[in-house]
Structures are given as structure tokens and as C-alpha cells.
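Right, one structure below, let's go through it.
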């Protein structure tokens with residue numbers, strides 16, 4: 001196995017961002033703004049054009065990122081994308097120099113992550129599971145929450161780099177615990193969003209104005225950063241997606257798989273997954289997951305914040 005010309009030291013701070021969706025692009029821009037040299041790769045090269053104009057180095061293939069980077073940071077869509085980028089014959093694992101570090105930041109299943117981890121270990125690589133809590137705007141401000149598992153020494157080496165994107169780093173174990181923790185966070189987020197949809201609809205049906213309802217909720221014992229963050233969007237009836245309803249369904253299905261494997265019943269999660277799936281089926285898949293509210297409004301026969309293509313369903 002070839003040695004890195006830079007001795008693979010994380011202190012070199014030469015990151016690559018692989019996957020340029022909303023989160024990947026925000027990550028690349030954040031690292032560039034912090035003065036780092038950043039290599040980028042995306043399946044569609046056009047996505048890298050504006051980042052190149054901002055100083056990023058564009059790689060032609062995943063293998064090429066190692067020509068200019070010591071660390072690969074990946075934000076990818078799902079299990080299949082992660083396995084293809086990491087485990088393909090010219091993927092990140094097969095082509096990495098010995099001792100290189102991969103920081104996988106997507107929300108994926110523990111099983112898919114474990115397969116990548118085993119392949120990385122077999123080639124002498126360090127592999128950190130680092131899913132995040134936050135959206136592109138939070139990332140752009142450097143305020144992501146990082147949930148990390150893997151080799152603890154590698155986490156400490158990577159910490160200076162990770163601090164560029166978030167001040168809160170929670171180390172939760174040596175294996176796939178970060179994957180489970182991220183799914184747990186999203187399950188609780190989904191349940192909160194559904195409960196919020198229900199109480200807003202109930203209060204409005206009872207004659208209360210939404211600003212009053214949200215002010216009371218935000219100032220009560222159940223007030224939370226989530227309610228605070230979503231208040232303006234709810235007041236504006238804005239469903240521009242930071243995290244789509246379809247993405248929520250994907251994550252809840254992953255959570256159900258983990259729960260089944262551990263024999264842990266999660267009836268609330270299962271119900272919200274069903275409701276989110278019905279929201280998608282009624283034309284709300286690409287909207288922010290707050291679309292649980294207009295779907296419920298439609299079921300209640302109330303005016304909806306956005307059009308809902310009502311179909312027959314049993315939800």
C-alpha cells in the first residue's frame with residue numbers, strides 16, 4: 001500500500017468533500033471560508049463549478065481526491081450511495097493511502113456503515129461515523145452538532161478539523177453507535193413535528209391565532225430549540241425544505257429496522273412514519289417535513305397552509 005506524501009497527518013488539514021448535495025456544498029463552503037484547501041467531488045461534475053470559482057480543487061473521481069487530500073468527508077444520499085462511493089473498485093477505500101481518514105457524515109443504516117468500516121479497517125484506514133444534527137444554514141454558520149463514533153484516537157486527531165463545522169462533538173462509542181443515535185434524534189424530531197401539527201390544528205380550530213399558539217408553546221414547559229427555530233416558517237406558511245418529508249420517511253424506516261433488530265417496540269415512530277408516508281403520497285414529499293401539518297389540516301377538513309393532493313388513504 002502506498003504511503004501518503006504528506007505522511008497522512010490530520011494536522012495537514014487537507015480535506016476533501018465528497019457528495020455535493022445541500023449539506024456537502026455547505027460543508028465545502030464552510031471549510032473554504034475557514035481558509036482550508038478543499039478538494040471536492042460529485043457524481044455530477046457541474047455541481048462543483050461554483051465551488052471551483054471559490055477556490056476548491058475539483059477531483060475527477062473519488063480516487064483522485066487522495067491526490068490533494070488527507071481526509072475524505074462524505075455527505076451522501078443513502079446506503080447505496082455510500083457503499084458505491086466507498087466500496088466500488090475505484091472507491092475511496094480501495095484507493096486511499098495507508099492511514100488515511102474517512103469521516104462519513106450521512107444518515108445511513110448501521111449495517112451499511114459497518115460494511116464500510118470493516119473494509120476500511122482491512123486496508124489500514126481510519127473510519128469515523130459522524131452524522132450531524134442541523135441543516136445547511138446551521139452548517140454555514142459553523143454550528144452543527146456532531147455525533148461521532150469510531151476509534152477514539154482518530155476522533156481526537158480529527159477534532160481540529162471538525163471544530164470548523166460545529167462546536168458540539170459528542171463521542172458515543174467505538175462502533176456504529178453514532179448511526180443509532182442520529183436515527184434516535186430524528187425519530188424524536190419526527191414525533192415532535194407530528195405533535196406540533198396536531199396542537200396547532202386543534203388550537204386554530206378552536207379559534208386561536210397561530211402567532212398566539214406558537215408564542216405560548218415556545219414559552220411553556222415544552223418550548224424547545226426546534227419549536228423556536230420553526231416558528232417563523234410556520235407563521236409564514238413556508239415549507240421550503242431544509243429536510244424533506246421524503247427524507248424523514250427514509251430515516252424513520254431505517255429506525256424501524258434498527259428497532260426490529262434490537263427487539264425494541266417503537267409504536268410512536270411507526271405511526272409517524274405511516275403519517276409521513278401518507279403526506280408524501282398526497283403530494284408533500286419534497287416539502288419540509290413540517291408538511292405533516294397541512295396533511296393533518298386536510299384530514300381535519302380545515303384550510304391547508306399549502307395545497308394537499310388528497311387521495312384515499314387510511315391514515
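The values are calculated or read from the model by the stated rules, or taken from the named source; none is laboratory data. No experiment lies behind these values; they were computed from the predicted model shown. Heads up, the Cβs are rebuilt from the backbone with ideal geometry, glycines too, and the neighbour counts pull from every protein chain shown.
Take the residues in region 234-269 that are under 17 Å from residue 189 (Cα atoms) and touching a strand residue (DSSP E or B) at 6+ places or on another chain (Cβ under 8 Å), then tell me which one is modelled with the lowest pLDDT.
Here the answer is 242.
Determine whether region 123-130 contains at least one residue that is surrounded by 15 or more Cβ atoms within 10 Å (Cβ to Cβ) and free of Cβ contacts under 8 Å to residues at least 12 places away in the same chain.
No, region 123-130 contains no residue that is surrounded by 15 or more Cβ atoms within 10 Å (Cβ to Cβ) and free of Cβ contacts under 8 Å to residues at least 12 places away in the same chain.
Has region 204-227 got any residue that is out of contact with any helix residue (DSSP H, G or I) (no Cβ under 8 Å at 6 or more places or on another chain) and under 18 Å from residue 185 (Cβ atoms)?
Checking region 204-227: at least one residue is out of contact with any helix residue (DSSP H, G or I) (no Cβ under 8 Å at 6 or more places or on another chain) and under 18 Å from residue 185 (Cβ atoms).
Listed here are the residues, each with its yes/no results for (1) in a helix (DSSP H, G or I); (2) out of contact with any strand residue (DSSP E or B) (no Cβ under 9 Å at 6 or more places or on another chain); (3) not assigned by TED's automatic domain parsing to the domain that holds residue 295.
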residue: 127; (1), (2), (3): no, no, yes
residue: 143; (1), (2), (3): no, no, yes
residue: 148; (1), (2), (3): no, no, yes
residue: 157; (1), (2), (3): yes, no, yes
residue: 160; (1), (2), (3): yes, yes, yes
residue: 191; (1), (2), (3): yes, yes, no
residue: 194; (1), (2), (3): yes, yes, no
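Given the criterion crowded, with 18+ Cβ neighbours inside 10 Å and over 21 Å from residue 310 (Cβ atoms), identify the matching residue among 255, 244.
Among 255, 244, only 255 is crowded, with 18+ Cβ neighbours inside 10 Å and over 21 Å from residue 310 (Cβ atoms).
Given the options 103, 108, name the one that is assigned to a strand (DSSP E or B) and either in contact (Cβ under 8 Å) with a residue 60 or more places away in the chain or under 19 Å from the mean Cα position of the chain (by Cα) (or both).
103
Among what's in region 162-189 and is out of contact with any strand residue (DSSP E or B) (no Cβ under 8 Å at 6 or more places or on another chain) and more than 22 Å from residue 258 (Cβ to Cβ), pick the residue that is surrounded by the most Cβ atoms within 10 Å (Cβ to Cβ).
This residue is 164.
If we keep just the residues of region 39-61 that are in a loop (DSSP other than H, G, I, E, B) and out of contact with any strand residue (DSSP E or B) (no Cβ under 6 Å at 6 or more places or on another chain), which is surrounded by the fewest Cβ atoms within 10 Å (Cβ to Cβ)?
44
Just to confirm my filter: which helices (runs of 4 or more DSSP H) fall fully inside region 200-315 and include at least 2 residues that are touching a residue at least 40 places away in the same chain (Cβ under 8 Å), outside the structural domain of residue 113 (by TED's automatic domain parsing) and within 30 Å of residue 139 (Cα to Cα)?
In region 200-315, 225-236, 245-261, 267-279, 292-299 are the helices (runs of 4 or more DSSP H) which contain 2 or more residues that are touching a residue at least 40 places away in the same chain (Cβ under 8 Å), outside the structural domain of residue 113 (by TED's automatic domain parsing) and within 30 Å of residue 139 (Cα to Cα).
Quick one: how many residues across region 79-98 are surrounded by fewer than 17 Cβ atoms within 10 Å (Cβ to Cβ) and either in contact (Cβ under 8 Å) with a residue 60 or more places away in the chain or not assigned by TED's automatic domain parsing to the domain that holds residue 31 (or both)?
Qualifying residue count for the region: 1.
Of the conditions (1) modelled with pLDDT of 95 or more; (2) touching a strand residue (DSSP E or B) at 6+ places or on another chain (Cβ under 9 Å), residue 8 satisfies every one except a single condition; which number is it?
Every condition holds for residue 8 apart from (1).
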